[in-house]
Amino acid sequence: MRNRVVITGLGLVCPMGHDAETVWSGMLTGKNGFNYTTIFDASTFPSQFCAEVKDYDLAKHVKNPGLHKDSNRGSGFVLGAAVEACRQAGIDIETDNPSDGIDRTRMGIYLGAGEGSVDNDVFFDAIVKGWDNEKNRMDWNKWADIAFGKMSSMREMEQEPNMPAAHIAMLTGARGPTRSCLTACAASTQAAGEATEIIRKGTADVMLAGGAHSMIHPLGVTGFCRLTALSTRNDSIETASRPFSASRDGFVIGEGGAVVVLESLEHAKKRGAKILCEVIGYGSSSDAFRVTDMHEEARGAIQALEAALKDAGITYADVDYISTHGTSTAENDSVETKAIKSVFKDKAKSTPASSIKSMLGHLIGAAGAAELITCVLAIRDNIAPPTMNLNDPDPALDLDYVPNDPRKTSVNIAVNESFGFGGQNNVVIVKRYEP
């Protein structure tokens, strides 16, 4: 018999705020985190705006910021999210003698984390000045002096995708199973799902699961621009993200960190933790199709949805709300709608299904965990958050996308969908906790 898994803590740092409640309040009033790019000069790029995390100071979140002084942007954001989630869950942090009753050898971490972005200005300067044109090769001495003379070797290590998990381990003392996955935009949903499986099997009592990512740098933005995945509405950035709209032209790239604390029900009850909701289902699949395109018939998305419902022991008719991947690209919104119609059948058009990327932007590796947090809060408050900027619905996309305003409605079971480049599909289902 597998362990029941519950969520006892939430933490979120993103373009709309540095804690989950601030972000949730902003979403319910239709705010967004979009602005012109300031991390680097994007004035000549096709997409000149993004969703940056503003005014974030790690020292306001952790007691010993010096331990994390070399962390990349994503690591810094997820550390703040982890602090918030742990405090809500009653987990002691930054101490050698925790009194929270948690065995650190049975407390693990699972993050969907992207490659770190570290000192791009220094990196590009070193590329240019370190190149020997006559010999058509990199001059090691010039390269090393410019690149590594201005940053520590640890700063270079921070580009490894497992570094955010390492920083959370230092913060919390967690010494149990530690995992990191980099499955594009589906990564942190996968992290939450697989962390749930670890607790179900009894390998750990507590798992901190979530994601961290920042790709707002010239290489990241260039890649998405070349794929024509980013919106180029440089003259109307506040309404640029338009999931499910006829005029949608791509997503707004964002950044952030998101963490949920997962525990076995027995463990949470034993230590008196407040239970926010229960994780009841997880499904995962691959399109096995193309690297950048979803399968036209949505076969991977359908498979993941059906697997999650089966794992949860429910049917589509039991679902009250769907947090869609909803990127605002022509392909994703069409294929995702097709998947929902296929799986939800007669209830597809009457099940609220919204995209918070219309407000947060696309947090890439952190997106799924941020949207999972939205599902937990939707259940808590019985509110479906809106899909903003849905003023010209695509006639081919005819589901209930909760246009422009939040909706008070009964939410007992919520589905979180995430689909990533490479054909990665992950779905997590959460439910109002019932003893």
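The values are calculated or read from the model by the stated rules, or taken from the named source; none is laboratory data. Values in this document were obtained by computation on a predicted structure and should not be read as measured data. Here Cβ is always computed from backbone atoms with ideal geometry, including for glycine, and neighbour counts include all displayed protein chains.
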> Just wondering, is there one or more residues in the range 200-215 that are assigned to a helix (DSSP H, G or I) and out of contact with any Asp or Glu (no Cβ under 7 Å at 6 or more places or on another chain)?
Replying inline: yes
> Which one is farthest from VAL23 (Cα to Cα) among residues in the range 251-284 that are aliphatic (A, V, I, L, M) and part of a loop (DSSP other than H, G, I, E, B)?
Replying inline: ALA273
> For THR105, all conditions in the list (1) in a loop (DSSP other than H, G, I, E, B); (2) surrounded by fewer than 23 Cβ atoms within 10 Å (Cβ to Cβ); (3) at pLDDT 95 or above; (4) of a type in the set (Ser, Thr, Tyr) hold save one; what is the number of the exception?
Replying inline: (1)
> Quick check: anything in the range 22-31 of a type in the set (A, V, I, L, M), farther than 14 Å from GLU238 by Cα and crowded, with 17+ Cβ neighbours inside 10 Å?
Replying inline: yes
> List pairs: first in the range 361-375 and free of Cβ contacts under 8 Å to residues at least 60 places away in the same chain, second assigned to a helix (DSSP H, G or I) and of a type in the set (A, V, I, L, M), Cβ under 8 Å, 6+ apart or cross-chain?
Replying inline: none
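Which ones in the range 61-79 are of a type in the set (S, T, N, Q) and assigned to a helix (DSSP H, G or I)?
Initial filter on the range 61-79 (of a type in the set (S, T, N, Q)): 64, 71-72, 75.
Across the range 61-79, the qualifying residue is only SER75.
Return the residues of the range 2-18 that are in a loop (DSSP other than H, G, I, E, B) and surrounded by 21 or more Cβ atoms within 10 Å (Cβ to Cβ); say none if nothing qualifies. Break it down into steps so the answer makes sense when it comes.
Of the residues in the range 2-18, the ones in a loop (DSSP other than H, G, I, E, B) are 2-4, 15-16, 18.
Across the range 2-18, the qualifying residues are PRO15, MET16, HIS18.
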>> For the condition assigned to a strand (DSSP E or B), at pLDDT 95 or above and out of contact with any helix residue (DSSP H, G or I) (no Cβ under 6 Å at 6 or more places or on another chain), what is the one hit in ILE322, ILE379?
In response: ILE322
>> Can you find a residue that is out of contact with any strand residue (DSSP E or B) (no Cβ under 8 Å at 6 or more places or on another chain), β-branched (Val, Ile, Thr), part of a helix (DSSP H, G or I) and more than 30 Å from ARG4 (Cα to Cα) anywhere in the range 336-356?
In response: yes
